[in-house]
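Participant: Below is a structure I'd like to ask you about.
The values are calculated or read from the model by the stated rules, or taken from the named source; none is laboratory data. Quick caveat, the model's predicted, so the values are computed rather than measured. Neighbour counts run over all protein chains shown; Cβ positions are idealised from the backbone, glycine included.
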Amino acid sequence: MRILALETSCDETAAAIGELNTGDKKITLLSNSIASSLKLHAKTGGIIPEAAARQQSAYIIPVIEQAISTAHVTLQEIDAIAVTYGPGLIGSLLVGVETARTLAYLWEKPIIPVNHLIGHIYANFIKDSTNQKQPRLPAIALIVSGGHTDLVLIRDHGEIKWLGGTRDDAAGECFDKCARLAGYSYPGGPKIAELAKKGDPNVFQFPRPMIGSHDFEFSFSGLKTAFLNETRQRFPILRTSTEKIGWEQIVLEKHITQSQKQTLYDLCASLQQAIIDVLITKTIKAVRQYNAKSILLGGGVAANEKLREGFESTVALFAPAKSLCTDNAAMIASAALFNYNPSSWRDITVNPELYFS
Ligand code: KG4
Ligand code: ZN
């Protein structure tokens, strides 16, 4: 079984061809193409949905052509087309879904609609140099991206139960908004992680919201506010130059003394540690409650090294290669191959509000 998958739910335009190995039941990627419009969004300090969709309309065909030519397959050798149909930005999703519908009609192939969040989980089933073993089920998946923080129980393929999620900001959003205060544009998580390497995570005792709650819910907006208050208090420049606040704002690191820099690094390390402590504690709690055999990380924040290292669990931890943590079409191919649910092109529509059903 070989699938061409498309992913356009946010700012990336991606196409990949994957196949399911009948032997080890893992996904082999024949190609994985991606065009990013990150530079465009860096200029505006965030994603403008219409601008993202316009860019994706221009990129989608060349990206698909590249995926097909890299894979060296003919159209006859592609069995189906998979596409992300939600959740995401409506204009962006429409680019992928309408392209998939058109190709499915022209090429007479079925379509497999894929939930983007479930795609993130299935990045763990792709064969690559870092990920040789097959996750065992039941598994607990922690999906941590810019828009989502969710814990999910995977009893079996197609048998998924949502356990809890964030009540306000997502973990990635918390990283992004805190990074923005220090003058860094989206995505801020890698920047905080980089600054945190030079800092001490024990200097600031930031709150660990909901760490002891009896459910699997999260909340990161209070932690974000605690970081913002502490940082503004330490660096008066952030209070006096209000006209610079926003995406054009100064990069704090360039305007402070060496000893102040150390404070900034300590703030970043302490923030990162607080986020990680909550994520790990809640994930382990879910593993124990459901006797899970594996932990599957997914989403951009899963690229965070401290988070990966922090799981000293007896349960096998799976985390995709970093390039497969952030949005890509390979994970959509993987989800479709394990949950083969073909539909006609006539029956597929976008669902921007889609969640776990
Ligand atoms: O999954 P993703 O690429 O896009 C969404 O679907 O949102 O996730 C993007 C998020 C951003 O918030 C970004 O700051 C965060 O992932 N991120 C990280 C790291 N790399 C990306 N957060 C912390 N540490 C990282 N190394
Ligand atoms: Zn995503």
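A quick yes/no check of all residues on (1) within 16 Å of ligand 1 (Cβ to nearest atom); (2) under 18 Å from Ala329 (Cβ atoms); (3) polar (S, T, N, Q); (4) at pLDDT 95 or above:
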{"position": "Glu65", "(1), (2), (3), (4)": "no, yes, no, yes"}
{"position": "Ile68", "(1), (2), (3), (4)": "no, yes, no, yes"}
{"position": "Ala71", "(1), (2), (3), (4)": "no, yes, no, yes"}
{"position": "His116", "(1), (2), (3), (4)": "yes, yes, no, yes"}
{"position": "Ile121", "(1), (2), (3), (4)": "yes, yes, no, yes"}
{"position": "Ser129", "(1), (2), (3), (4)": "no, no, yes, no"}
{"position": "Asp150", "(1), (2), (3), (4)": "yes, no, no, yes"}
{"position": "Lys161", "(1), (2), (3), (4)": "no, no, no, yes"}
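Participant: For Ala67, work out the one condition from (1) closer than 13 Å to Glu7 by Cβ; (2) touching a Phe, Trp or Tyr at 6+ places or on another chain (Cβ under 6 Å) it doesn't fulfil.
Facilitator: If we test Ala67 against (1) closer than 13 Å to Glu7 by Cβ; (2) touching a Phe, Trp or Tyr at 6+ places or on another chain (Cβ under 6 Å), just (2) comes out false.
Participant: Another question, if that's okay. Out of everything in the range 1-28 that is within 30 Å of Ser185 (Cβ to Cβ) and of a type in the set (A, V, I, L, M, F, W, C), what residue ends up being surrounded by the fewest Cβ atoms within 10 Å (Cβ to Cβ)?
Facilitator: Applying the filter and picking the extreme gives Cys10.
Participant: Follow-up. How many residues, within the range 51-98, are outside any helix (DSSP H, G or I) and in contact with a Leu (Cβ under 6 Å, 6 or more places away or on another chain)?
Facilitator: 5
Participant: Also, I was wondering about something else. Quick one: in the range 93-129, which of the residues that are more than 18 Å from the chain's Cα centre (by Cα) and among the polar types (S, T, N, Q) is farthest from ligand 2 (Cβ to nearest atom)?
Facilitator: Residue satisfying both the conditions and the ranking: Thr102.
Participant: In the range 298-324, how many residues are in contact with a Pro (Cβ under 9 Å, 6 or more places away or on another chain) and within 11 Å of ligand 1 (Cβ to nearest atom)?
Facilitator: Residues flagged as in contact with a Pro (Cβ under 9 Å, 6 or more places away or on another chain) and within 11 Å of ligand 1 (Cβ to nearest atom) within the range 298-324 amount to 6.
Conditions (1) more than 23 Å from Thr28 (Cα to Cα); (2) without any contact (Cβ under 8 Å) to a residue 24 or more places away in the chain, marked per residue:
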{"residue": "Gln55", "(1), (2)": "yes, no"}
{"residue": "Gln66", "(1), (2)": "no, no"}
{"residue": "Thr74", "(1), (2)": "no, yes"}
{"residue": "Gly96", "(1), (2)": "no, no"}
{"residue": "Thr99", "(1), (2)": "yes, no"}
{"residue": "Ala104", "(1), (2)": "no, no"}
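Participant: Looking at the range 178-200, which of the residues that are modelled with pLDDT of 95 or more and surrounded by fewer than 21 Cβ atoms within 10 Å (Cβ to Cβ) is farthest from ligand 2 (Cβ to nearest atom)?
Facilitator: Filtering first and then ranking leaves Asp200.
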